[in-house]
């Protein structure tokens, strides 16, 4: 990674217990003003962030291994992104692209057409969130194919709108009591090597799903198959080799739109610009968001020109979609990813994290505490699946205890997984080695104590 100068000291520094008194006071205000349905995993209130640190209202400096769920890839206040946002805001904060278009939108579309896999002709439409991107990808696929059915997978997460809740697998907290959901959504078995009887045979796992699709729907009724190349909320599940290519080839042979949901895994996160590149998969449509704009709300749907152009004029868009300030942030963030070679940096982070976690697992196992069932992921998207000692039974209480213990020491980590038993690491890709290693050391200590 090229040298980057951080505005804030890149060190952990605690001046109060966590949460501190000012965070506690804000929590009391929040209780009276914000609905209970909005939960927060970390009970501290942030006021600043840079590189690999977050600073809370009490002046505590925390190591950030969450990146706002893979959003602040280039840091929470990257100077180049901040400057681009300020410059744009001084001229044009908003005008709807559907009314008066502007160059920034076109420039972001051009960049996404260039960066996403495949050398075919592409088009890009911009939106505000990952869920919007997914929903619009489905709209495009249905119009382009004239079919209705959409296939998603076990452990999938695609959003919180009505249609994307239907695509999402996990009920609590995402779907519980929010139905009825959009129809013509079908769920198929995923390749989850740690828990799948087929293990590392991705081709067989894909054929299992294809057989089920044929039985339940029929290929000629399917508009789209949508899959996360590495599943996010479902537990950072990395499908076995061959699963994605086999699915993509079958979709192509049957006129089905293959949609790669790269909302969490895109933009250098896994060591490639997009996770599907790892096996050379070229999707028909790619959905993006999160890391795209350095923290500003923006999302994209990039697809084959003939698919994207199939939608009638006025069929896509929204008032804020592709906002000028968000577009300026995206162009600056992508430039930072290229300049700093954050793909290479993600791969280095993955090597450091995997090595540290493997050593921790070995130490725990030697002591008879085999609570780390699986270490998986790619690049800066690494997970630890926690289980009850000596079994594969999920241990969600242990995951909660580890996250709480890490926070008490000034380390922000996230949990996820269908069974709530996965610790996920999503550090900003601009974190320095010393801070990363310190965070991993803390995680190892907390795992040992909690186990």
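Computed from the coordinates by the stated procedures, all read-outs in this text should not be read as laboratory data. Every value quoted in this text rests on a predicted model; they were computed, and no experiment measured them. Counting neighbours? That spans all protein chains shown, and the Cβs are built from the backbone with ideal geometry, glycine included.
Tabulated values for the structure
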{"quantity": "Near-label residues of segment 45-80 by backbone N, under 11 Å of a point 7 Å along Cα→Cβ of residue 7", "calculated": "48-51, 76-80"}
{"quantity": "Segment residue 393-residue 249, length gained on full extension (0.36 nm per residue, minus Cα span)", "calculated": "48.4 nm"}
{"quantity": "At R0 = 25 Å, FRET efficiency that the Cβ-Cβ distance of residue 175 and residue 36 yields, to 0.05", "calculated": "0.90"}
{"quantity": "Peptide ranges 78-84, 371-377 listed from the most packed, as the mean C-beta count within 10 angstrom indicates", "calculated": "371-377, 78-84"}
{"quantity": "Cα gyration tensor shape of segment 1-43, rounded if a/c is under 1.5, else prolate or oblate by comparing a/b with b/c", "calculated": "prolate"}
{"quantity": "Spacing of the two label points (7 Å from each Cα toward its C-beta) at residue 184 and residue 354, in nm", "calculated": "4.1"}
{"quantity": "Cα→Cβ-extended label distance, 7 Å offset, between residue 148 and residue 211, nm", "calculated": "2.8"}
{"quantity": "Relative contact order (percent, whole number), the chain, Cα cutoff 8 Å, 6+ residue spacing", "calculated": "22"}
{"quantity": "Two-decimal log10 I(q)/I(0) for segment 365-451, as the Debye equation yields it once each C-alpha is a single scatterer, q = 0.16, 0.21 Å⁻¹", "calculated": "-0.59, -1.01"}
{"quantity": "Residues in segment 292-334 that a label on residue 103 would reach, taking backbone N under 20 Å of a point 7 Å out along Cα→Cβ", "calculated": "322-334"}
{"quantity": "FRET E, pair residue 404, residue 48, Förster distance 22 Å, beta-carbon r, rounded to 0.05", "calculated": "0.45"}
{"quantity": "Mean separation of Cα contacts under 8 Å, 6 or more apart, over the residue count of segment 82-339: relative contact order %", "calculated": "30"}
{"quantity": "Extension gain, residue 219 back to residue 16 (0.36 nm per residue minus Cα-Cα distance, nm)", "calculated": "67.2 nm"}
{"quantity": "Segment 82-339 - Rg (one decimal) and Dmax (whole number), Cα, Å", "calculated": "17.9, 58"}
{"quantity": "Extension gain, residue 114 back to residue 96 (0.36 nm per residue minus Cα-Cα distance, nm)", "calculated": "4.0 nm"}
{"quantity": "Pairwise FRET efficiency - residue 366 versus residue 89, Cβ, R0 = 45 Å, nearest 0.05", "calculated": "0.20"}
{"quantity": "Sorted peptide list for 49-56, 162-169, criterion being average Cβ within 10 angstrom, highest first", "calculated": "49-56, 162-169"}
